[in-house]
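**Q** Let me give you the structure first, and then I'll get to my questions.
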Amino acid sequence: MKKIRVGIIGTGFMGRTHTTAYKNVTNIFGDEVVPELVIVADVVEGAAKAFAEKYGYKRWTTDWKKVVSDPEVDLVDISVPNVYHCPIAIEAAKNKKDILCEKPLAMSADEAIEATHIVEEAGVITAMGFNYLRNPIQSYVKELIASGKLGRVVNFRGMFDQDFNNDPEQMHEWRMLKKESASGALGDLASHTISLSQYLVGDISEVCGMTQIIVHERPDPKDPSKMLPVENDDLVQFLFTYENGAMGAIFSNRLASGRKVALGYEIQMTNGCIVYNQERQNEVQIYHHDDDKRERGFKTVLIAPGHGDYGKFYGGAGIGLGYADQKTIEEYHVLKHVAERKPSEINFRFGMKVMQVIDAVLESAATHKWVSIEKVK
Ligand SMILES: NC(=O)c1ccc[n+]([C@@H]2O[C@H](COP(=O)([O-])OP(=O)(O)OC[C@H]3O[C@@H](n4cnc5c(N)ncnc54)[C@H](O)[C@@H]3O)[C@@H](O)[C@H]2O)c1
């Protein structure tokens with residue numbers, strides 16, 4: 001049994017989700033790695049205090065610097081708005097803390113590159129909160145693609161649409177401000193689709209994109225009679241090519257009527273096709289061109305033991321996992337990487353490449369030109 005002492009920064013949606021996952025890790029995976037909840041920070045004093053009491057963190061603070069310098073903390077969990085990710089990560093690395101950071105890694109590709117170099121030089125373990133990659137279905141899809149049974153990937157069509165902003169009375173929030181979030185749907189939603197594309201198919205080398213704001217102002221939550229400007233994209237679309245020669249396209253709309261968590265892809269291959277939609281996260285559609293001609297068609301494969309970590313939850317196929325389970329799997333692997341001092345595949349360098357794609361799409365949208373992505377050492 002190895003104990004990993006956790007300090008978390010942020011008590012919002014992600015702070016709660018990560019903490020619930022830490023608490024669930026031993027229930028599902030046993031006591032190989034055991035998280036100890038040491039300290040929580042939030043700028044809102046009442047939130048930090050109530051969170052510590054509710055979830056059992058030993059201490060609380062309003063100053064994130066106290067978390068990254070706390071001698072009792074091994075792992076710093078960054079669950080705050082995007083603008084704080086890299087400044088916190090850099091300080092954490094200076095204090096030799098391992099890091100789990102929510103997506104997107106940074107406010108820009110340059111900031112992501114700088115942070116990646118700093119954490120790599122410090123030799124700390126890093127991981128990104130791309131939880132959708134932790135769905136055991138995705139490990140299976142990755143294996144299936146690598147097996148070559150369906151041939152080679154020629155085209156990836158991805159999306160992430162949600163309609164949570166469709167109500168015109170939906171309040172303004174930090175995600176709509178350039179200085180706190182940088183991009184809108186692109187960094188918030190499409191970053192997940194880019195992460196799936198990168199995890200399953202490979203690195204992107206060139207993009208051509210466009211963005212649009214659909215609703216230009218939102219009520220100020222402090223005084224709803226006043227309106228605040230929406231500064232970043234509600235809608236983004238881009239075409240791209242991979243280093244391996246395949247092509248792709250990604251679409252994301254944070255006001256897409258009827259779409260709840262429509263994160264998905266169609267991966268077209270020379271001998272088959274794979275179709276996934278997060279709204280049905282326990283199944284994947286697979287077409288195999290080698291099937292008997294009279295029986296060709298997409299088949300639905302339900303999540304099953306043998307798909308990634310699914311067997312740790314249930315012995316039978318198709319019982320199904322949820323969003324919180326992805327986070328439990330994520331946090332288990334982060335703790336294990338920290339305990340074993342083994343780098344994670346979904347680390348800062350992975351998050352940096354996603355940021356390079358995001359920046360290239362923004363540049364392409366501004367210049368109306370294709371933009372290449374440079375390899376970073
Ligand atoms: N992986 C996912 O599926 C997923 C889902 C939602 C959000 N996120 C990411 O998680 C991060 C947090 O998003 P959220 O939805 O939890 O936001 P949120 O608004 O629900 O919570 C943010 C929290 O951070 C606190 N905070 C703000 N500035 C702070 C500071 N300087 N120091 C300490 N605390 C501070 C706020 O008071 C708030 O409690 C974002 O980067 C977002 O992109 C990831």
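**Q** Subtracting the Cα-Cα distance from 0.36 nm times the residue separation, let me have the gained length for MET247 to GLU120 in nm, one decimal.
**A** Separation in residues times 0.36 nm, less the Cα-Cα distance, equals 42.6 nm.
**Q** Mark the label point 7 Å from the Cα of ARG152 along Cα→Cβ and return the residues of the stretch 288-321 whose backbone N is within less than 19 Å of it.
**A** 289-290, by backbone N distance to the label point.
**Q** Starting from the amide H of LYS3, placed 1.01 Å from N in the peptide plane, find each other amide H under 5 Å away whose residue is 5 or more places distant or on another chain.
**A** Distant-sequence amide H within range of LYS3: VAL34.
**Q** How far is it, in nm, from the label point at ARG341 to the one at ALA50 when both lie 7 Å from their Cα along the line to the Cβ?
**A** Modelled inter-label distance: 4.2 nm.
**Q** Which of ALA41, ILE99, VAL141 sits farthest toward the positive end of the charge dipole of the chain, with +1 on the Cβ of Lys and Arg and -1 on the Cβ of Asp and Glu?
**A** Farthest towards the positive end: VAL141.
**Q** Estimate the FRET efficiency between LYS178 and ARG280 by the formula 1/(1 + (r/R0)^6), using the beta-carbon distance for r and 25 Å for R0, to the nearest 0.05.
**A** 0.15
**Q** Still on this structure, I have one more. For PHE13, PHE130, PHE298, what's the fewest-to-most ordering of other Cβ within 10 Å of each Cβ?
**A** Ascending Cβ contact count within 10 Å gives the list PHE13, PHE298, PHE130.
**Q** Through the Karplus equation 6.51 cos²θ - 1.76 cosθ + 1.60, θ set to phi - 60°, convert the phi angles of the stretch 200-208 into ³J(HN,Hα) values in whole Hz; use x for Gly and Pro.
**A** 3J(HN,Hα) across the stretch 200-208, in whole Hz: 8, 10, x, 7, 8, 10, 7, 9, 9.
**Q** Between ASP290 and ASN271, what length in nm is gained on full extension when 0.36 nm per residue of separation is reduced by their alpha carbon distance? Spell out each step's value before the answer.
**A** Numbers: separation 19, 0.36 × 19 = 6.84 nm, distance 0.73 nm.
Gain on stretching ASP290 to ASN271: 6.1 nm.
**Q** If you average 1/r across every pair of different Cα atoms in the chain and take the reciprocal, what Kirkwood value do you get, in Å?
**A** Radius from the Kirkwood sum: 21.4 Å.
**Q** Past the 30 Å Cα-Cα mark, which pairs from LYS179/LYS327; LYS2/LYS96; LYS58/LYS94; LYS179/LYS342?
**A** LYS179/LYS342
**Q** Run the numbers for TRP370 and LYS66: contour at 0.36 nm per residue of separation, minus the present Cα-Cα distance, in nm.
**A** Stretched fully, the TRP370-LYS66 segment lengthens by 105.1 nm.
**Q** What FRET efficiency comes out for THR20 versus ILE214 if R0 is 45 angstrom and r is the Cβ-Cβ distance? Round to the nearest 0.05.
**A** On the way: r = 33 Å, r/R0 = 0.73.
It comes out at approximately 0.85.
**Q** Would you mind ranking LYS260, LYS149 by Cβ crowding within 10 Å, fewest neighbours first?
**A** Numbers: LYS260 11, LYS149 15.
Ascending Cβ contact count within 10 Å gives the list LYS260, LYS149.
No lab work stands behind these numbers, since they all come straight from the coordinates. All values reported here derive from a predicted model rather than from experimental measurement. Methodologically, a virtual Cβ is constructed for each residue, glycine included, from the backbone with ideal geometry; neighbour enumeration extends over all protein chains shown.
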